[in-house]
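One structure below.
The values are calculated or read from the model by the stated rules, or taken from the named source; none is laboratory data. Note that the structure is predicted; figures quoted are calculated from it, not measured. Positions of Cβ are backbone-derived with ideal geometry, glycine not excepted, and every protein chain shown enters the neighbour counts. Calculation scope for accessible area: heavy atoms of the full protein, side chains included, ligands and nucleic acids excluded. Shrake-Rupley method; radii C 1.70, N 1.55, O 1.52, S 1.80 Å.
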Amino acid sequence: MTESSANKPANGQVCHRVKNGVKPGRNGFIKNHHHYHHQQPMYCYPEDKVQHTACNGSSSLGLYSRPFIESFEETPMLVAVLTYMGYGILTIFGYLRDFLRDWKIERCHIAREREEQRDFVPLYQDFENFYTRNLYMRIRDSWNRPICSVPGAKVDLVERVSPDYNWTFDYTGKVVEGVINMGSYNYLGFAENTGYCADASAEVTMKYGVGVASTRQEMGNLDRHEEMEELVAKFLGVESAMAFGMGFATNSMNIPALTGKGCLILSDELNHASLVLGARLSGSTIRVFKHNNMQSLEKMLRDAIVHGQPRTHRPWKKILILVEGIYSMEGSIVRLPEVIALKKRYRAYLYLDEAHSIGALGPGGRGVVDYFGLDPRDVDVMMGTFTKSFGAAGGYIGGRKELMEYLRSHSHSAVYAASMSPPVVEQIIASMKCIMGEDGTTLGRDRVQQLAENTLYFRRRLTEMGFIIYGNNDSPVVPMMLYMPAKIGAFGREMLKRNIGVVVVGFPATPIIESRARFCISAAHTKDMLDTALSVISEVGDLLQVKYSRQKRLPSLD
């Protein structure tokens with residue numbers, strides 16, 4: 001996708017040009033970044049801090065305490081050309097089919113304006129609508145598949161068929177059982193209906209019921225809400241925290257409460273839609289820096305300080321940097337030590353979205369701050385969600401006590417939204433105590449370690465098979481590049497035929513020529529499950545010819 005690092009390798013090593021298809025960045029260098037000098041034992045978090053040398057500039061020296069390895073291999077030229085040709089052919093046939101629909105030659109299933117509004121400006125006719133009816137509909141069966149079980153390591157799917165080429169679906173009444181789930185964000189395996197967390201949620205449901213029927217400021221503030229927020233603050237290592245009923249709204253409704261007109265937001269170009277929406281709703285000036293590129297971020301910070309606001313050149317009221325812990329479509333991890341160093345140097349504020357990284361990274365499962373061994377107080381606003389590693393719902397914000405008091409009275413999510421459901425709150429409390437070891441067991445820590453092992457193993461095996469894999473070696477989000485539009489649906493269907501459930505992703509969630517399959521690894525996956533999935537992925541990869549990598553690697557012994 002986009003350039004995901006600085007213009008030079010980040011460990012001071014020599015930069016080598018390549019001719020074998022390994023991705024040179026737009027500056028001609030390999031986009032495979034190794035931060036660290038000593039090989040660490042596999043599946044272990046390093047205990048000792050090791051000197052980190054980078055050619056990102058002298059400010060990066062000594063910032064990293066663990067390996068930081070990311071790889072973004074170049075798209076082979078032939079694959080890129082064929083992908084563009086594929087979309088070109090589909091677009092031509094799309095316009096042809098629209099012509100046939102206009103002349104009533106082909107049956108039209110698409111939504112149309114009402115006849116009495118035919119002279120109005122079209123309400124929903126645009127290119128994305130064209131893409132939806134002519135390209136997306138061909139592979140629509142790959143998404144929105146209903147499941148009828150707990151979204152654990154295995155799921156049961158409701159079988160469905162389409163009589164009209166994916167415009168509508170009929171349910172057969174049959175269930176496809178035991179499908180290995182490689183798509184859910186169930187990183188630590190807490191999405192379950194048995195065990196400590198499920199029992200605690202069931203007990204609280206019997207006592208409090210399911211709904212609260214009020215906001216926190218009125219009659220909806222339960223003692224369990226207060227306990228949950230205190231526990232979240234303790235888990236994050238911050239002064240205070242507050243929770244919200246929806247993860248998306250945690251970003252989109254709180255950023256406008258923090259910034260406004262006269263403020264500057266510096267946003268990573270691959271930030272989630274909730275961050276983008278929140279930034280737009282704030283009314284602040286928004287500038288986008290290249291993904292994980294510290295030179296780009298520093299240049300924008302320097303320019304903001306030097307030039308100030310447009311026209312008036314007055315100083316910005318505040319500068320807020322928006323980044324994510326793990327980027328959910330790239331599998332990359334934010335260069336947090338460098339971001340913190342820059343925000344301190346230029347006196348900006350930092351907003352960190354840990355939706356995918358909380359619980360999934362760090363020796364204690366405390367996210368990307370724990371992963372890099374940093375001080376949580378260096379992050380001004382720590383945001384995350386409970387929907388992934390905790391198997392619940394909602395989101396949180398952590399930071400200074402003064403910040404939380406301000407948000408309680410100024411955040412639309414806090415003032416107007418209904419309180420979180422009691423069983424959901426209890427699921428969060430129970431799973432978080434489990435991760436922290438406060439349940440009296442080592443189950444939580446064991447799951448964090450198992451996730452790290454599964455992630456390294458799965459990524460390494462896919463790479464050895466010859467697939468192009470994006471992201472950081474420690475990221476449980478594993479994007480595998482498919483590129484061509486015809487292979488998006490084909491890969492999902494062929495995997496499901498072999499009882500493996502995967503998520504395939506295309507435009508508009510990714511750039512139009514960078515379609516991919518996205519695997520999400522879980523601590524609930526056993527090695528046998530992963531080996532079964534890997535065997536099927538390799539088989540389907542050979543069938544569809546999606547083993548695009550040109551890097552030569554020797555297979556490992558295990």
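Which of the residues that make up segment 295-308 are in contact with a Leu (Cβ under 8 Å, 6 or more places away or on another chain) and open to solvent by 10 Å² or more (accessible area, probe 1.4 Å)?
Glu298, Met300
With the structure loaded, tell me whether Glu226 is at pLDDT 95 or above and under 29 Å from His412 (Cβ atoms) or whether it fails that test.
yes
Being crowded, with 22+ Cβ neighbours inside 10 Å, small (Gly, Ala, Ser) and either in a loop (DSSP other than H, G, I, E, B) or in contact with a Lys or Arg (Cβ under 8 Å, 6 or more places away or on another chain) (or both) is true for just one of Ala430, Ala360, Ala393. Which residue is that?
When all the criteria are applied, what remains is Ala360.
For Glu464, which of the numbered conditions (1) farther than 30 Å from Arg216 by Cα; (2) touching a helix residue (DSSP H, G or I) at 6+ places or on another chain (Cβ under 6 Å); (3) among the acidic types (Asp, Glu) fails to hold?
The single condition Glu464 does not satisfy is (2).
Can you tell which of Met228, Met219 is in a helix (DSSP H, G or I) and more than 24 Å from the chain's Cα centre (by Cα)? Full working, then the answer.
On the way: Met219 fails: in a helix (DSSP H, G or I).
The conditions single out Met228.
May I ask you to verify whether Pro315 is surrounded by fewer than 24 Cβ atoms within 10 Å (Cβ to Cβ), assigned by TED's automatic domain parsing to the domain that holds Gly398 and at pLDDT below 95? Working first, answer last.
Values: surrounded by fewer than 24 Cβ atoms within 10 Å (Cβ to Cβ): yes; assigned by TED's automatic domain parsing to the domain that holds Gly398: yes; at pLDDT below 95: no.
No.
Looking at Gly373, is it more than 24 Å from Ala430 (Cβ to Cβ) and of a type outside the set (Asp, Glu)? Working first, answer last.
Numbers: more than 24 Å from Ala430 (Cβ to Cβ): yes; of a type outside the set (Asp, Glu): yes.
In short, yes.
Quick check on my filter: what residues within segment 343-378 are out of contact with any Gly (no Cβ under 7 Å at 6 or more places or on another chain) and among the small types (Gly, Ala, Ser)?
Result: Ala348, Ala360, Gly362, Gly364, Gly373.
Could you tell me which residue of segment 460-491 is surrounded by the most Cβ atoms within 10 Å (Cβ to Cβ), considering only residues that are closer than 16 Å to Leu534 by Cα and touching a Pro at 6+ places or on another chain (Cβ under 8 Å)?
Checked segment 460-491; the qualifying residue surrounded by the most Cβ atoms within 10 Å (Cβ to Cβ) is Ile469.
Return the only residue of Arg447, Arg400 being open to solvent by 40 Å² or more (accessible area, probe 1.4 Å) and closer than 30 Å to Val505 by Cα.
Within the list Arg447, Arg400, the selection yields Arg447.
If we keep just the residues of segment 412-429 that are at pLDDT 95 or above and under 24 Å from the mean Cα position of the chain (by Cα), which is farthest from Leu258 (Cα to Cα)?
Among those residues, the one meeting the criterion is Gln427.
Does segment 534-543 contain any residue that is modelled with pLDDT of 90 or more, in contact with a strand residue (DSSP E or B) (Cβ under 6 Å, 6 or more places away or on another chain) and either part of a loop (DSSP other than H, G, I, E, B) or under 25 Å from Val448 (Cβ atoms) (or both)?
Step one: filter segment 534-543 for residues modelled with pLDDT of 90 or more, giving 534-543.
Restricting the remaining residues to those that are in contact with a strand residue (DSSP E or B) (Cβ under 6 Å, 6 or more places away or on another chain) gives 536.
Going one step further and asking which of them are either part of a loop (DSSP other than H, G, I, E, B) or under 25 Å from Val448 (Cβ atoms) (or both), we end up with none.
There is no residue in segment 534-543 that is modelled with pLDDT of 90 or more, in contact with a strand residue (DSSP E or B) (Cβ under 6 Å, 6 or more places away or on another chain) and either part of a loop (DSSP other than H, G, I, E, B) or under 25 Å from Val448 (Cβ atoms) (or both).
When the residues of segment 261-278 are filtered to those that are assigned to a loop (DSSP other than H, G, I, E, B) and under 15 Å from the mean Cα position of the chain (by Cα), which remaining residue is surrounded by the fewest Cβ atoms within 10 Å (Cβ to Cβ)?
Glu269
Scan segment 238-260 for residues that are in a helix (DSSP H, G or I), closer than 20 Å to Ser389 by Cβ and open to solvent by 10 Å² or more (accessible area, probe 1.4 Å) and report the count.
Number of matching residues: 3.
So Asn144 fits all but one of (1) in a helix (DSSP H, G or I); (2) on the phi > 0 side of the Ramachandran plot; what number is the exception?
Going through (1) in a helix (DSSP H, G or I); (2) on the phi > 0 side of the Ramachandran plot one by one, Asn144 breaks only (1).
Looking only at segment 377-387, decide whether some residue is of a type in the set (Ser, Thr, Tyr), in contact with an Asp or Glu (Cβ under 9 Å, 6 or more places away or on another chain), under 20 Å from Gly189 (Cβ atoms) and not in a helix (DSSP H, G or I).
For segment 377-387, residues of a type in the set (Ser, Thr, Tyr), in contact with an Asp or Glu (Cβ under 9 Å, 6 or more places away or on another chain), under 20 Å from Gly189 (Cβ atoms) and not in a helix (DSSP H, G or I): present.
Please find, among Thr194, Thr205, the residue that is among the hydroxyl-bearing types (Ser, Thr, Tyr) and touching a residue at least 24 places away in the same chain (Cβ under 8 Å).
Criteria check complete, one pass: Thr205.
With closer than 28 Å to Glu494 by Cβ and modelled with pLDDT under 95 as the only criterion, which of Arg140, Arg160 stands out?
Only one candidate qualifies: Arg140.
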